[in-house]
């Protein structure tokens, strides 16, 4: 059974475009990536903005473009350096895909970002929304977009009571987004849609009194802002205990590169393990896991700190321990490396790994 909604007329759409663009001309935030239509810069900004707040992205964008000013520079870079510049943004798969896509663009498109939608959609890390955003903003292609802010905004403009994340709702909103596009200036229009959703048509307590299209919004007219769009089901979180072990050998510490099937793949990290049983001999358990993974025999020492953090559906309590290498291993584990503690700043680490590294360096500075 299809969910009914109020489909706008052609006159409604014309009025909506005029009011939205007039509002955007006065209220658009001055963001660095909006100062250019260079497809490379637009692409980098759109990848960074996936599941990440604008305020967080701003500093990363500037540093990333200063280091890799062109697609060729990014393609030629070592992944290690790309991940280090991405450190703290999270969702590191985005950085690896961006790096891989740059290599494809250099190898197959002469280093120029393609304008063909099929070619763009074929690049790693680029789906329908990201392709539409890049093509409309950089090339003024008449391509619709649909992301978190516009899903909410368009659902309210249609007073759509169904779930916009399901197939029926998603198809409906893509159709609506496409029909709303002006003949020219699709990039500016798409950015205006996202801006209105981000600044005014917020998930909770939307600022309807400040909305330039409130008279056109059936959701506002019926006071349905609290139920449109349908809320996501609340995720169930799982509590997990883990241990991170900082193994020291003189002035060096042991790092291990995360594997493809692990969280933070490609990043470097101190060895870390799941704590299976809190009532057993924790020191012996961690020592055995450390030897099995890295080849290192070490004596577990004092606890450095405890960090609580979240990763997807997990709520993790991470106990960080110091350990001293007891004997030189015959063979160091795969992708393990001894690193001088003052070199840790050059390695891309997870957020919790960086906290442990900073605390370790602080202790060493205070004791010296």
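The values are calculated or read from the model by the stated rules, or taken from the named source; none is laboratory data. In this text the structure is predicted, and so the values were computed from the model without any measurement. Neighbour counts run over all protein chains shown; Cβ positions are idealised from the backbone, glycine included.
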Item to check | Residue ID - surrounded by the most Cβ atoms within 10 Å (Cβ to Cβ), chosen from residues in the range 170-183 that are assigned to a helix (DSSP H, G or I) and in contact with a helix residue (DSSP H, G or I) (Cβ under 9 Å, 6 or more places away or on another chain) | outcome: 173
Item to check | Sole exception among (1) under 20 Å from residue 177 (Cβ atoms); (2) under 19 Å from the mean Cα position of the chain (by Cα) for residue 31, by number | outcome: (1)
Checklist entry - Out of curiosity, is residue 107 part of a loop (DSSP other than H, G, I, E, B) and either on the phi < 0 side of the Ramachandran plot or at pLDDT below 95 (or both)? => result no
Item to check | Unmet criterion (only one of (1) touching a residue at least 60 places away in the same chain (Cβ under 8 Å); (2) assigned to a helix (DSSP H, G or I)) for residue 366 | outcome: (1)
Checklist entry - Taking residue 228, is it within 30 Å of residue 209 (Cα to Cα) and surrounded by 13 or more Cβ atoms within 10 Å (Cβ to Cβ)? => result yes
Checklist outcome for this item: Here, helices (runs of 4 or more DSSP H) confined to the range 12-94 with at least 2 residues that are under 30 Å from residue 157 (Cα atoms), at pLDDT 95 or above and assigned by TED's automatic domain parsing to the domain that holds residue 154 are 39-49
Checklist entry - So which residues in the range 145-169 are farther than 18 Å from residue 126 by Cα and outside any helix (DSSP H, G or I)? => result 159, 160, 161, 162, 163, 164, 165, 166
Next on the checklist: Checking the condition assigned by TED's automatic domain parsing to the domain that holds residue 184, at pLDDT 95 or above and surrounded by fewer than 18 Cβ atoms within 10 Å (Cβ to Cβ), which residue from 152, 156, 121, 165 passes?
Outcome noted: 121
Checklist outcome for this item: The condition from (1) surrounded by 17 or more Cβ atoms within 10 Å (Cβ to Cβ); (2) in a helix (DSSP H, G or I) that residue 100 misses is numbered (1)
Checklist entry - Any residue at all in the range 352-363 that is surrounded by 14 or more Cβ atoms within 10 Å (Cβ to Cβ), assigned to a helix (DSSP H, G or I), touching a residue at least 60 places away in the same chain (Cβ under 8 Å) and out of contact with any strand residue (DSSP E or B) (no Cβ under 7 Å at 6 or more places or on another chain)? => result yes
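Matching residues to (1) over 20 Å from residue 145 (Cα atoms); (2) over 21 Å from the mean Cα position of the chain (by Cα); (3) surrounded by 15 or more Cβ atoms within 10 Å (Cβ to Cβ):
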site	(1), (2), (3)
19	no, yes, yes
37	no, yes, no
43	no, no, yes
47	no, no, yes
54	no, no, yes
Next on the checklist: Consider the range 132-144. How many of its residues are in a helix (DSSP H, G or I) and buried (at least 23 other Cβ atoms within 10 Å of the Cβ)?
Outcome noted: 6
